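Written below as structure tokens is the structure these notes are about.
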Amino acid sequence: MTLLCVSIFVESIDQARRDIARAIEAGAEIVELRLDRLTETEDLPRLVAGFSGRFLFTCRPFWEGGESMLDDEGRRVILEAARAAHPMSAVDIEFNALKDSPKLHNDLAPTRIVSYHDFESRPADLTKRFVAMQESDAEVVKLAWTARSLRDNAEAFELMKSGAKPTIAICMGEAGQISRILAKKFRAYLSFASLDRESSTAPGQVTIDDMKRIYRWDSIKPKTKVFGVIGSPVSHSMSPAVHNAAFESIGFDGVYVPFLVNEGYESFKAFMETFVSDEFDLCGLSITLPHKENALQYALEKRWKVDKEARRIGALNTFVGPNSKRSKKWNAFNSDSSAIIGTICAALGIEASDLSKRSIGVIGAGGTGRTAVAALSALRCSISIFNRAPDRAEKIASEFGSKKVRIEAQSIESLADSSLDVYINTTSIGMSPSVDASPFDFGIPRMNSNTLVFDSVYNPLETKLIRQARESGAKTVGGIEMFLRQAAMQFEAWTGQPAPIEVMRRVILERLSK
Ligand code: NAP
């Protein structure tokens with residue numbers, strides 16, 4: 001069983017005892033005590049007195065990224081005293097110290113973790129080092145290095161699975177977070193978490209609360225299916241919290257993680273080529289900025305099944321893994337476009353086929369604006385695109401407009417002279433932290449109680465645009481409805497079950513109201 005370990009840096013005995021109690025309360029199965037600042041052993045019994053759980057004692061020297069200035073013998077004395085104070089605990093011994101001073105190893109069995117850390121990059125001799133560490137007489141091997149990209153995690157998973165001895169393999173940094181979250185799936189000896197964001201002892205550590213509540217640590221098993229969102233940046237994404245809570249609520253054996261993939265098609269392709277494999281159990285992906293176009297290009301290259309709408313838009317946001325083990329082909333679609341149409345129709349209480357009778361203003365000509373225009377033009381709506389950069393609006397208008405579908409590009413300032421049935425904001429104006437801005441600051445259209453204003457921005461929940469529209473008597477709908485609809489479509493495609501919309505809504509509302 002993979003242990004969930006909270007790492008605590010001992011600054012003072014009282015602080016550490018408080019933190020140990022909090023870690024155990026939060027569900028830590030083992031607590032690492034970083035003893036780097038200790039130079040004397042006399043306080044050690046008091047540090048651990050009364051705690052029945054397991055500890056891992058570490059006294060990391062400065063030359064291995066820690067703070068201890070003691071020599072090998074000085075640190076051995078500290079570790080021995082800690083073990084004497086709490087006998088069933090484990091100790092961490094640096095591989096480099098072990099090589100030079102075999103004595104450090106004495107009397108610290110049964111659980112000795114031999115460790116190596118590289119805070120710069122992946123060690124060039126990683127495999128050789130791993131083999132040498134496996135051959136030491138330590139019971140557990142730990143390798144931690146800074147991930148150069150997500151692909152380093154694949155190597156970490158391989159080490160976790162292939163080691164003859166229980167292994168800890170960690171990729172540090174944001175790109176390495178999945179090596180921590182998925183450690184249990186790949187049968188690592190343990191994974192480290194922090195008590196809170198401020199007390200993290202290594203780059204990329206996830207808090208124990210997030211490990212357990214967001215990433216469902218307790219439910220992860222070797223056969224758990226993996227899902228995730230590809231983006232850059234991706235740490236702000238609410239999708240992991242939303243989809244994991246939804247999996248939990250229907251008892252689905254899946255975990256959804258963030259995949260930080262650098263900009264550019266080559267990085268996207270490298271990710272897909274590495275992780276779309278039987279060993280990784282990747283079964284579904286959400287795609288966000290800046291990879292929606294890359295995802296389409298990749299799916300077409302692979303001759304995967306891509307829905308017509310995604311081809312028309314030129315971008316997609318969902319991949320669904322093959323239904324059967326024999327097929328290697330994935331499905332791809334764009335759930336944003338149906339989410340936009342669904343949100344407008346639900347707010348107006350009409351069918352999509354009735355939308356063509358309404359005049360629509362799309363504010364913005366980026367990816368979401370383009371998606372909205374593609375979806376609305378397929379329904380033969382007449383559309384005005386209001387954008388700051390006129391050429392982008394003109395390009396979309398000429399691409400999707402035709403004799404039967406009237407689309408015109410307008411300056412964003414001409415919103416003031418407009419009077420349309422529906423306005424959709426697809427710009428990021430008004431998004432947190434710029435909450436005092438609104439596209440209607442360029443000009444407020446003439447609106448009445450039949451007008452609908454739909455703001456695709458969902459953070460904050462109520463934007464300035466929504467307030468302005470309401471004050472002008474218009475109906476309003478916020479971006480959360482679109483987010484929920486596109487996420488629900490993805491969930492249903494992945495699990496084959498109805499999405500627990502209210503669970504998903506509660507998670508978003510909880511996170512946005514924080
Ligand atoms: P994008 O491709 O970068 O496009 C951004 C658009 O915003 C462009 O039209 C840009 O105009 C305009 N813009 C940005 N800052 C502006 C400013 N200060 N003044 C005037 N125009 C400005 O981004 P995207 O992918 O379309 O996403 C846009 C927004 O859609 C996001 O911020 C998000 O809130 C929302 N969204 C919501 C959902 C959902 O599920 N609710 C899903 C996807 C996106 P220029 O062309 O002149 O630069």
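The values are calculated or read from the model by the stated rules, or taken from the named source; none is laboratory data. None of these values were measured; they are calculated from a predicted model. Cβ sites come from the backbone with ideal geometry, for glycine too, and all protein chains shown count toward neighbours.
Some observations on this one:
- Residues satisfying the stated conditions in the range 149-182, i.e. crowded, with 24+ Cβ neighbours inside 10 Å, touching a residue at least 60 places away in the same chain (Cβ under 8 Å) and either assigned by TED's automatic domain parsing to the domain that holds Val276 or touching a Gly at 6+ places or on another chain (Cβ under 7 Å) (or both): Gln177
- In the range 289-320, residue nearest to the chain's Cα centre (by Cα) [restricted to those that are over 15 Å from Phe271 (Cβ atoms) and among the small types (Gly, Ala, Ser)]: Ala315
- Residue that is under 20 Å from Leu282 (Cα atoms) and of a type outside the set (S, T, N, Q), where the choices are Glu174, Glu120: Glu174
- Residues satisfying the stated conditions in the range 437-461, i.e. farther than 23 Å from Ile396 by Cα and within 12 Å of the ligand (Cβ to nearest atom): Ala437, Asp441, Tyr458, Asn459, Pro460, Leu461
- Residue in the range 411-427 that is closer than 30 Å to Asp210 by Cα and within 14 Å of the ligand (Cβ to nearest atom) present: no
- Condition broken by Arg76, with the remaining ones in (1) closer than 19 Å to Thr111 by Cα; (2) part of a loop (DSSP other than H, G, I, E, B) satisfied: (2)
- Among residues that are more than 28 Å from the chain's Cα centre (by Cα) and either modelled with pLDDT of 95 or more or outside any helix (DSSP H, G or I) (or both), Lys395 is included.
- Residues satisfying the stated conditions in the range 305-325, i.e. touching a residue at least 40 places away in the same chain (Cβ under 8 Å) and not in a loop (DSSP other than H, G, I, E, B): Glu309, Arg312, Ile313, Thr318, Val320
- Selection within the range 132-148 - basic (Lys, Arg) and buried (at least 22 other Cβ atoms within 10 Å of the Cβ): Lys142
- When Thr146 is tested against (1) within 30 Å of Ser267 (Cα to Cα); (2) at pLDDT below 95, just one condition goes unmet, and that condition is (2).
- Here Ser434 qualifies as out of contact with any helix residue (DSSP H, G or I) (no Cβ under 9 Å at 6 or more places or on another chain), within 16 Å of the ligand (Cβ to nearest atom) and either free of Cβ contacts under 8 Å to residues at least 24 places away in the same chain or in the same structural domain as Ser356 (by TED's automatic domain parsing) (or both).
- For the range 8-61, the tally of residues that are surrounded by fewer than 20 Cβ atoms within 10 Å (Cβ to Cβ), part of a helix (DSSP H, G or I) and in contact with a helix residue (DSSP H, G or I) (Cβ under 6 Å, 6 or more places away or on another chain) stands at 4.
- Applying the criterion of being without any contact (Cβ under 8 Å) to a residue 24 or more places away in the chain and of a type in the set (Lys, Arg) to the residues of the range 326-369, the residue that is nearest to the ligand (Cβ to nearest atom) is Lys357.
- Residue match in the range 201-218 (condition: away from the ligand (no atom under 16 Å from the Cβ), of a type in the set (Ser, Thr, Tyr) and closer than 15 Å to Ile181 by Cα): yes
- Considering residues of the range 208-251 that are among the charged types (D, E, K, R) and within 21 Å of Asp278 (Cα to Cα) only, the residue nearest to the chain's Cα centre (by Cα): Lys225
- Scanning the range 165-195 for residues that are assigned to a strand (DSSP E or B), more than 18 Å from Arg112 (Cβ to Cβ) and of a type in the set (Gly, Ala, Ser) yields Ser191, Ala193, Ser194.
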